[in-house]
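Encoded as C-alpha cells, the structure appears first; notes follow it.
The values are calculated or read from the model by the stated rules, or taken from the named source; none is laboratory data. Just so it is clear, the structure is predicted and the values come from calculations on it, not from any experiment. A quick note on method: Cβ atoms are made from the backbone with ideal geometry, for glycine too, and the neighbour counts reach across all protein chains shown. Remember, those area values only see protein heavy atoms, side chains included, never the ligands or the DNA or RNA. Shrake-Rupley method; radii C 1.70, N 1.55, O 1.52, S 1.80 Å.
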Amino acid sequence: MKYFRQMLCLVLLLWTAAPALAEEGKEEKLDISHIVLEHIKDSYEWHVTDIGDKPIVIHLPVIVNSSTGWHVYCSSSFEHHPDANGYRMGPDNLAIATQGPNAGKVVELVGGEEKRPFDISITKTVATMFISVIVLLLCILIPARWYRKHKASDKAPGGFTGFIEMLVMYVVDEIIKPGVGKGYEKYCPYLLTCFFFIFTCNVMGLIPFPPGGGNVTGNIAVTFFLALCTFIIVQFSGNKHYWKDIFWPDVPLALKAFPLIPAIEFVGIFTKPFALMIRLFANIMAGHAIAISLVCIIFLVSTKAMGVFLGMSAVSIIMSVFMSTLEVLVCFIQAMVFTMLSAIFIGLARHEPEHE
C-alpha cells in the first residue's frame, strides 16, 4: 500500500489527536482530496514521518537547467513553507510552486512569470526506481551466481534461488510462450524484465519506510515509457500479414475504398499501448488512494460521539488492513497482466495464417 507508513502513524496518533480535534477543529473541514493527492504525487523530498511538530525528511538532489545555466541543489535549499504568492523560494530565482499548473514543480521566476526549466531532478519516484532496480539486479544476479557454479544435471535449487526460478519458469511457460508463440525465446529478456521490474516496484511501494514507499508504477510517466517500449517492439516485430490486415484487410472492396476499417485498425495500433499505460497506472494509483481515504474516515468522525468515533475507527482500521493485504495480490496481478498483454500484442503482430 502506497505510503502505508503514514497510515500507521495516523492510526497510532489517532487516540491522542482525537480530543484535540474535537475541541479545536469543530469548524475546520477536512480536505480529503488534498491529503490523498499529497500522499500519491511525486516530490523533491522524501517524507519519512513526523516526530511532534518536526518532520523527518530525506532531501533529494534538484538538478535543473535554467536561463542562467545548470544548477544542482539539495531540496533543503528551498523554503519549507510557501510565501504569499505560493512559492517555496530557492536560490537563483528558482522556486517550487505550490499552486497553479506547475504545482509541485521547480519553476524559474522571470519578470514575475513562471518558466519551467529543464528538470532532471532525482525525485522521490526516481529515487525509488533506482533502489528497485538495485534490488531487482540482486534478485537476478544471486540465482545467476548459483547457476554458474552448478551443472544442469545437479539437484534443483531451493530457497531464494528456487523461488526466483519458479517465477521465471511460470512467466515463460504460462505467459510468454502461449502469448508470443513460435520464436518466443528472443522476447523473453524484455518481457521478463517488464514483469520483474513492475513486480519489484509494486512490492517496494508496500514497504512502510525508506527505501520503500515510492509510487513508481502509480506514476503515468513510468507506465507511458513501459507501454512505449512494448509499442516499438510490436511494430518492429510485425510481419507482412500484420500490416496487410491493417491497411488492406480481408473485407468487401467497398469498405476498403471507403477506408473505415483500415482507419479503425490504424487507430488500434495506438489504443493497445494506451490501454497498457492506463491499466497499470489507474489500478496502482486507485488502490493507494482508496487505502488512504479509508484512514481519513477516522478523522472525519473524530468530532462525533465517542461510540460513533470508536465504531468507525475500527471499521477504518479493518478495511485498511484488508486493502494492504489486497495490494500484495495486486502487485503480482498487475505485473502479470502487463506482461501477458505485451506478449499477446507481440504474438498477434507475428501471427502467420494457418493456410500458409
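Measure out, as a whole number of angstrom, how far apart the alpha-carbon centroids of region 215-260 and region 270-303 sit.
So the separation of the two Cα centres works out to 28 Å.
Tell me, what is the 1.4 Å probe accessible area of Trp46, in Å² to the nearest 10?
10 Å²
Compute the FRET efficiency between Phe274 and Ser67 as 1/(1 + (r/R0)^6), taking r as their Cβ-Cβ distance and R0 = 35 Å, and round to the nearest 0.05.
Details: r = 35 Å, r/R0 = 1.01.
The calculated FRET efficiency here is 0.50.
If I ignore ligands, DNA and RNA and count only protein heavy atoms, how much of Val62 is accessible to a 1.4 Å probe, in Å² to the nearest 10?
0 Å²
Per the Kirkwood formula on distinct C-alpha pairs, the Rh of the chain is how many angstrom?
Numbers: mean 1/r = 0.0420 Å⁻¹.
Across the chain, the inverse of the average 1/r is 23.8 Å.
Two decimals, Cα atoms only, Kirkwood Rh: what is Rg/Rh over region 240-303?
1.46
Please work out the average accessible area per residue across the chain, using the 1.4 Å probe convention, and give it in Å².
Numbers: 19770 Å² over 356 residues.
That works out to 56 Å² for each residue.
List the residues whose amide H sits under 5 Å from the amide H of Asp50, counting only those 5 or more places along or on another chain, with H placed 1.01 Å from N in the peptide plane.
So Asp50 has HN proximity to Ile56.
Pulled fully out, how much extra length does the chain show between Phe266 and Val251, if you take 0.36 nm times their separation in residues and subtract their Cα-Cα distance? Each step should come with its number before you reach the end.
Values: separation 15, 0.36 × 15 = 5.40 nm, distance 1.51 nm.
Full-extension gain reported as 3.9 nm.
Against the 2.2 N^0.38 Å scaling, with N counting residues, where does region 79-150 land? I'd like the Cα-based Rg ratio to two decimal places. Before the final figure, lay out each step's value.
Values: Rg = 20.3 Å, N = 72, 2.2 N^0.38 = 11.2 Å.
Normalised by 2.2 N^0.38 Å, the Cα Rg of region 79-150 equals 1.82.
Identify, among Ile318, Leu294, Ala97, the residue whose Cα sits farthest towards the positive end of the charge dipole of the chain, taking +1 on the Cβ of Lys and Arg and -1 on the Cβ of Asp and Glu, with the dipole about the Cα centre.
Result: Ile318, furthest along the dipole toward the positive end.
Could you tell me what percent of the accessible area of the chain is made up of carbon and sulfur, with a 1.4 Å probe and every protein chain present? It would help to have the intermediate numbers written out before the result.
Values: 13580 of 19770 Å².
Roughly 69 percent of what the probe reaches on the chain is carbon or sulfur.
Could you sort Thr98, Thr68 by accessible area so the largest value comes first, with the probe set to 1.4 Å? Display every interim value, and only then the final one.
Details: Thr98 65, Thr68 95 Å².
Correct descending sequence by accessible area is Thr68, Thr98.
Taking 0.36 nm per intervening residue step and subtracting the Cα-Cα distance, what contour gain separates Phe258 from Ser76 on full extension?
Numbers: separation 182, 0.36 × 182 = 65.52 nm, distance 6.10 nm.
Using 0.36 nm per residue and subtracting the Cα-Cα distance, I get 59.4 nm.
Using Cα-only point scatterers and the Debye equation, what is log10 of I(q)/I(0) for region 82-227 at each q in 0.13 Å⁻¹, rounded to two decimals?
-0.76
Please report, in debye to the nearest 20, how large the charge dipole of the chain is about its Cα centre when each Lys and Arg carries +1 at its beta carbon and each Asp and Glu carries -1 there. Don't skip to the answer; put the middle values down first.
Details: 26 positive and 29 negative charges, 223 e Å.
The calculation lands at about 1080 debye.
Could you derive backbone 3J(HN,Hα) for region 77-83 from the dihedral phi with the Karplus parameters 6.51, -1.76 and 1.60 (θ = phi - 60°), listing whole Hz in sequence and x where the residue is Gly or Pro?
Each residue of region 77-83 in turn: 6, 9, 4, 6, 10, x, 7 Hz.
Report the calculated FRET efficiency for Gln99 and Phe130 (r = Cβ-Cβ distance, R0 = 30 Å), to the nearest 0.05. List each step's numbers first, then the result.
Values: r = 30 Å, r/R0 = 0.99.
It comes out at approximately 0.50.
Give the accessible area for Arg279 in Å² (nearest 10); use a 1.4 Å probe, count only protein heavy atoms, and leave out ligands, DNA and RNA.
110 Å²
With every protein chain kept in the model, how would you rank Lys115, Lys151 by accessible area, 1.4 Å probe, largest at the top? Please report the intermediate quantities before stating the final value.
On the way: Lys115 105, Lys151 150 Å².
So, going from the largest accessible area down, we get Lys151, Lys115.
Using the Karplus curve 6.51 cos²θ - 1.76 cosθ + 1.60 with θ = phi - 60°, what ³J(HN,Hα) values do you get for each residue of region 272-288, in whole Hz, with x for Gly and Pro?
5, x, 4, 5, 4, 4, 5, 4, 5, 4, 5, 5, 5, 5, 5, x, 5
With springs connecting C-alpha atoms under 10 Å apart, model the chain as a Gaussian network and identify which of Pro189, Pro210, Pro273 has the largest mean-square fluctuation.
Most flexible of the set in this elastic network: Pro189.
Taking only Cα atoms and a 10 Å spring cutoff, compute GNM fluctuations for the chain and point out the largest among Gly218, Gly100, Gly238.
Its mean-square fluctuation being the largest, the pick is Gly100.
Can you work out the Karplus-derived ³J(HN,Hα) for every residue in region 210-219? Use 6.51 cos²θ - 1.76 cosθ + 1.60 with θ = phi - 60°, whole Hz, and x for glycine or proline.
x, x, x, x, x, 9, 7, 6, x, 9
Please build a GNM for the chain, connecting alpha carbons under 10 Å apart, and tell me which residue among Ala275, Ala84, Ala291 fluctuates the most.
Ala84
Whenever you get a sec, line up Arg148, Arg88 from highest to lowest accessible area (probe 1.4 Å, protein heavy atoms). Don't jump to the answer; show the numbers that get you there.
On the way: Arg148 175, Arg88 35 Å².
My answer, sorted largest first, is Arg148, Arg88.
Given H placed 1.01 Å from N in the peptide plane, which residues other than close sequence neighbours of Lys105 have an amide H under 5 Å from its amide H?
Amide H to amide H, under 5 Å and 5 or more residues apart or across chains, Lys105 pairs with Ala97.
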